[in-house]
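The next block holds one structure in the form of structure tokens; read it before the comments.
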Amino acid sequence: MSYTKHPNKYIGAHVSAAGGVEEAPLRAGELGARAFAFFLKNQRQWQAKPYTEEQIDAFVANCDQVGIKREHILPHASYLYNIGNADATKRQRSRRAMIDEMHRCEQLGLSLLNFHPGSHLKEISEEQCMEYIAAEMNAVLAESEGVKLVLENVAGQGTNVGYTFEQLAYIISLIDDDSRVGVCIDTAHTLAAGYEIRTADGYTAMWQAFDDIIGYDKLCAIHLNDSKKDLGTRVDRHESIGKGFMGTDLFKMLMDDPHLDNIPIVLETPVPELWAEEIAYLYAL
């Protein structure tokens with residue numbers, strides 16, 4: 001695959017780690033990827049066996065083998081966690097599990113951990129939920145080293161918070177060491193949350209708002225998805241590239257945008273069999 005048109009874009013997909021974490025880089029390499037995401041453990045379980053030294057060494061060796069730098073790897077935290085929960089016991093359980101995942105990142109030499117902020121579950125206000133999220137993030141950061149917590153913007157479905165740039169900025173403002181916090185922008189979530197990103201004017205306006213409210217210095221990653229739902233629906237449904245409501249102009253604008261250089265750009269589109277084709281398509285734009 002030729003990267004000559006976009007040498008500074010690092011695109012991949014969220015691959016499976018079935019059979020061991022060391023398998024994930026090999027699956028990414030088979031796609032022609034230059035980045036990837038994966039779950040650090042079974043995301044349906046709260047606990048998992050520690051990595052063995054053999055697994056850690058094999059993960060590092062396999063990343064080198066396929067030519068993917070570890071700064072272009074974006075592990076995704078479990079969907080079980082809700083550090084914005086009104087219940088202190090449940091928040092604590094999520095915090096302990098996130099600390100474990102941060103330590104797994106440290107073991108693998110990874111610098112990012114992506115997660116969905118949390119949900120108020122109609123039990124507390126959005127503001128209180130965000131304050132709980134920030135407090136738990138501070139606790140997680142205090143128990144880890146060298147890894148950034150990366151807040152992902154969400155679609156605003158249900159009781160999830162983090163669907164506006166202002167909400168993400170408020171959480172970040174409460175972090176003791178904000179140098180260890182970043183943001184991942186999901187294109188499908190952004191559209192569903194009400195940001196028009198499909199036109200040149202809308203795209204420019206969205207990123208200007210992001211820079212004004214959060215700052216490009218906090219942009220750590222992109223989740224690149226088409227959307228099954230239209231603008232402002234606040235429904236989180238990903239679609240394959242070019243088969244949803246995004247059209248194709250957005251993807252060309254993203255590939256041509258220098259602000260998105262040198263960060264992981266990860267597909268979470270719903271048909272894994274299309275990932276290699278989608279990656280090739282994006283690089284060919």
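Only sites in a loop by DSSP and with at most 16 other Cβ atoms within 10 Å count here; which chymotrypsin sites (Phe, Trp or Tyr not before Pro) in region 10-72 make the cut?
W46
Under 20 Å from the 7 Å Cα→Cβ point of E127, by amide nitrogen: which residues of region 52-90?
Residues 84-87 fall inside that zone.
Count neighbours as other Cβ atoms within 10 Å of each site's Cβ, and list the trypsin sites (Lys or Arg not before Pro) in region 1-47 that are DSSP loop with at most 13 such neighbours.
Of the trypsin sites (Lys or Arg not before Pro), the ones in loops of region 1-47 whose Cβ has at most 13 other Cβ atoms within 10 Å are K5, R44.
Region 88-187: which trypsin sites (Lys or Arg not before Pro) are DSSP loop and have at most 10 other beta-carbon atoms within 10 angstrom?
Values: sites: K90, R91, R93, R95, R96, R104, K122, K148, R180; in loops: K122.
Hits after loop and neighbour filter: K122.
Treating only the Cβ atoms of Lys and Arg (+1) and Asp and Glu (-1) as charged, compute the dipole magnitude of region 46-109 about its Cα centre; round to the nearest 20 debye.
Magnitude of the dipole: close to 440 debye.
If you project the alpha carbons of region 10-284 onto the principal axes, what extent comes out on each, in Å, largest first?
Principal axes ranked by extent give 47, 44, 29 Å for the Cα atoms.
Given Cβ point charges of +1 (Lys, Arg) and -1 (Asp, Glu) and nothing else, what value in debye, to the nearest 20, does the dipole of the chain about its Cα centre take?
Details: 26 positive and 42 negative charges, 127 e Å.
Taking the Cα centre of the chain as origin, the dipole is about 600 debye.
Could you compute the net charge surrounding N138? Neighbours are other residues with a C-beta less than 12 Å from the C-beta of N138; K and R count +1, D and E count -1. The partial results should precede the final answer.
Values: positive: R95, R180; negative: E131, E136, E143, D176, D177, D178.
Spelling it out: positives minus negatives among the neighbours equals -4.
Tell me whether region 45-124 comes out rounded, prolate or oblate; compute the Cα gyration tensor, take square roots of the eigenvalues as a ≥ b ≥ c, and use a/c under 1.5 as the rounded threshold.
Taking the square roots of the gyration eigenvalues as a ≥ b ≥ c, region 45-124 is prolate.
How would region 209-266 be classified by its alpha-carbon gyration tensor: rounded, prolate or oblate, with rounded meaning a/c under 1.5 and the a/b versus b/c comparison settling the rest?
prolate
Cα gyration tensor of region 115-192, axes a ≥ b ≥ c as square roots of the eigenvalues: rounded (a/c below 1.5), prolate (a/b > b/c) or oblate?
Here region 115-192 falls in the oblate category.
Only the coordinates and a few stated rules stand behind these numbers; no lab work does. All values derive from a computational prediction rather than experimental measurement. Here the Cβ is made from the backbone with ideal geometry for all residues, glycine too, and neighbour counts use every protein chain on show.
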